[in-house]
1. Kindly indicate which of 23, 9 is on the phi > 0 side of the Ramachandran plot and out of contact with any Asp or Glu (no Cβ under 6 Å at 6 or more places or on another chain).
2. Could you check segment 43-60 and list, in sequence order, the residues that are within 9 Å of the ligand (Cβ to nearest atom), more than 11 Å from residue 157 (Cα to Cα) and surrounded by 24 or more Cβ atoms within 10 Å (Cβ to Cβ)?
3. So which helices (runs of 4 or more DSSP H) stay within segment 1-104 end to end and still have 3 or more residues that are touching a helix residue (DSSP H, G or I) at 6+ places or on another chain (Cβ under 7 Å)?
4. Determine whether residue 129 is surrounded by 17 or more Cβ atoms within 10 Å (Cβ to Cβ) and under 28 Å from residue 3 (Cα atoms).
5. Tell me which residues, restricted to segment 87-106, are closer than 14 Å to residue 52 by Cβ and touching a Lys or Arg at 6+ places or on another chain (Cβ under 7 Å).
6. When you check residue 133 against the structure, is it within 16 Å of the ligand (Cβ to nearest atom), at pLDDT 95 or above and touching a helix residue (DSSP H, G or I) at 6+ places or on another chain (Cβ under 8 Å), yes or no?
7. Among the listed residues 81, 13, identify the single one that is modelled with pLDDT of 95 or more and either within 13 Å of the chain's Cα centre (by Cα) or within 16 Å of the ligand (Cβ to nearest atom) (or both).
8. Residues that are at positive phi and assigned to a loop (DSSP other than H, G, I, E, B): does segment 123-138 have at least one?
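The values are calculated or read from the model by the stated rules, or taken from the named source; none is laboratory data. Fair warning: this is a prediction, and the values are worked out from it, not measured in the lab. Cβ atoms come from the backbone with ideal geometry, glycine included; neighbour counts cover every protein chain shown.
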Amino acid sequence: MSIPDIRVGQGFDVHRFEVEPSGSRRLVLGGCVFDGEPALIGHSDADVPAHAIADALLSAGGLGDLGAHFPDSDPRWEGADSLEILAEVSGMVRADGWSIGNASVALVCERPRIAPRRAEMESNLSTAVGAPVSLTGRRAEGLGAIGRVEGIAGFASVVILR
Ligand code: MG
């Protein structure tokens, strides 16, 4: 019996909230728009869980990091839908011969409330990855920049195999 080649990848992302609302950005997490919430600043739509999972996938496959493939300097990714970036990264990993087992992502934020939109975010992310994605939300308990509601951070893990 051959032993499958199984690898794990870890990913991280963080974006800060706009201090002065530009009016042109919306808060997007896991492909869900949160109306009435402050938006995150970023070159793309600043979708933290999508970026953290994409980072984890690239890491698992030894394919470099997200910034190398989707640089902030590239106008192609300005305002990009990060679910499309995530789907593209998933395709890159599969093109290298891997199957994606699952992804798990934890968001750390004081707002918005995650639970009411969790299923919708998991569904959007799972579709983009083509494998099950689970998402959890945690508060920073008032500690540090995230606790002061200055931004949102995300930590992701993925398993790939071939
Ligand atoms: Mg990012």
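1. Values: 9 fails: on the phi > 0 side of the Ramachandran plot.
Of the residues listed, the single one that is on the phi > 0 side of the Ramachandran plot and out of contact with any Asp or Glu (no Cβ under 6 Å at 6 or more places or on another chain) is 23.
2. Matches in segment 43-60: 46, 47, 48, 50, 51.
3. Values: elements: 48-60, 66-69, 82-95.
Result: 48-60, 82-95.
4. Numbers: surrounded by 17 or more Cβ atoms within 10 Å (Cβ to Cβ): yes; under 28 Å from residue 3 (Cα atoms): yes.
Considered against the rule, which asks whether it is surrounded by 17 or more Cβ atoms within 10 Å (Cβ to Cβ) and under 28 Å from residue 3 (Cα atoms), residue 129 comes out as yes.
5. Selection gives 106 alone.
6. Numbers: within 16 Å of the ligand (Cβ to nearest atom): no; at pLDDT 95 or above: yes; touching a helix residue (DSSP H, G or I) at 6+ places or on another chain (Cβ under 8 Å): yes.
No.
7. Values: 81 fails: modelled with pLDDT of 95 or more.
Only one candidate passes the filter, namely 13.
8. Residues of segment 123-138 that are at positive phi, as a first pass: 130.
Then drop every residue that is not assigned to a loop (DSSP other than H, G, I, E, B), which leaves 130.
For segment 123-138, residues at positive phi and assigned to a loop (DSSP other than H, G, I, E, B): present.
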